[in-house]
1. Over the range 111-264, what is the relative contact order in whole percent, taking alpha-carbon pairs under 8 Å and six or more residues apart?
2. If the limit is 18 Å between Cα atoms, which of Lys78/Lys148; Lys45/Lys78; Lys45/Lys155; Lys206/Lys238 go over it?
3. Report in % the part of the accessible area of the range 193-252 that belongs to carbon and sulfur, leaving out ligands and nucleic acids; probe 1.4 Å.
4. So for the range 88-218, taking the charge dipole from beta-carbon charges (+1 Lys/Arg, -1 Asp/Glu), which of Leu110, Ala156, Leu183 sits furthest toward the positive end?
5. Just the accessible area per residue of the range 53-203, please: how many Å² with a 1.4 Å probe?
6. Once you place label points 7 Å from the Cα toward the Cβ at Asp118 and Asp203, how far apart are they in nm?
7. Which trypsin sites (Lys or Arg not before Pro) in the range 60-147 sit in a loop by DSSP (not H, G, I, E or B) and have at most 12 other Cβ atoms within 10 Å of their own Cβ?
Amino acid sequence: MHKSALLFLTGLALAGCHRAVSTKSGSLTAGTSEAVKVATPAGVKATNTNFQYLNGHGKVHFKAKGNEQSANFALRIKRDSAIWLSGSLLGIEGVRALLTPDSVRVVNRLQKNYFAGDYAYLSQLLNVPVTYKQMQDILLGDYQAAPKGAVPVVKAEGDNQNVTFPMTPLILEQLVSATTGRLQQLKVSESGAQRSLTVGYADFQKPTGADLLFAFTTNVLGQQGGTESTSATLNYQKVEVGSGHLDFPFSIPKGYAKQAKIKK
């Protein structure tokens with residue numbers, strides 16, 4: 001698996017700490033998977049997820065700088081607390097990462113090194129500034145409400161509502177289904193730096209334990225300078241949600257070198 005493919009896959013998820021990190025293990029149970037209606041001052045009514053845990057796996061196809069690669073991925077989320085991601089090929093794990101609200105840590109088994117730092121890491125991978133909350137919303141396909149003081153511009157666009165507002169230094173543009181309330185597309189751009197990240201959601205299904213629709217296909221396109229682009233398509237094979245418990249194991253193998261800065 002190409003190193004950049006694994007690093008970009010990591011950019012679609014998580015972080016942790018130098019010692020093993022875990023929560024109480026167990027099976028997911030239904031009970032907190034109902035949808036949440038999000039009403040904005042502009043009248044946009046979006047339907048967001050409300051489950052405590054998500055456990056999913058599937059395949060990702062990556063393309064950048066003339067390289068194409070496919071890999072398996074596993075994703076676990078504990079809402080507002082942790083995002084865990086593992087990328088592997090032929091059953092061999094290449095990258096494991098764990099994100100918390102204030103840290104990003106990644107183990108690269110291919111290069112036998114690790115990164116431990118803040119969200120500047122993911123911001124560089126994805127070409128736009130991101131936070132833990134934004135990463136969680138992107139992975140769950142949830143609508144992001146406008147910050148205090150920002151006035152959304154809402155326009156009808158086919159069967160969707162197009163909602164645009166500033167989130168300094170970014171501009172967020174979202175397409176929300178007028179029928180289901182689920183997010184169809186998110187575009188985050190930083191015009192001054194000519195950088196953007198576009199995420200499209202498709203193949204909506206009800207995952208195990210949920211009453212709401214979840215996108216089983218996520219298409220990600222990162223662009224910089226109007227010419228350079230990186231893309232990835234995540235296809236979930238199974239998604240399970242609920243209020244149970246999951247493990248988030250993460251450790252740094254002995255002898256691994258610390259990566260001072262990101263290398264794409």
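1. Worked out over the range 111-264, it gives 20 percent.
2. Details: Lys78/Lys148 26 Å; Lys45/Lys78 25 Å; Lys45/Lys155 13 Å; Lys206/Lys238 10 Å.
Listed pairs above 18 Å: Lys78/Lys148; Lys45/Lys78.
3. Summing carbon and sulfur atoms, their accessible area is 42 percent of the total for the range 193-252.
4. Checked the options; the winner is Leu110.
5. On a per-residue basis, the range 53-203 sits at 43 Å².
6. 3.7 nm
7. Numbers: sites: Lys63, Lys65, Arg76, Lys78, Arg79, Arg96, Arg105, Arg109, Lys112, Lys133; in loops: Lys65, Arg79, Arg109, Lys112.
Qualifying residues, ordered by number: Lys65, Lys112.
The values are calculated or read from the model by the stated rules, or taken from the named source; none is laboratory data. These numbers were taken from a predicted model, which means no experiment stands behind them. Heads up, the Cβs are rebuilt from the backbone with ideal geometry, glycines too, and the neighbour counts pull from every protein chain shown. Just the protein is used for accessible areas: all its heavy atoms, side chains included, with ligands, DNA and RNA removed. Shrake-Rupley method; radii C 1.70, N 1.55, O 1.52, S 1.80 Å.
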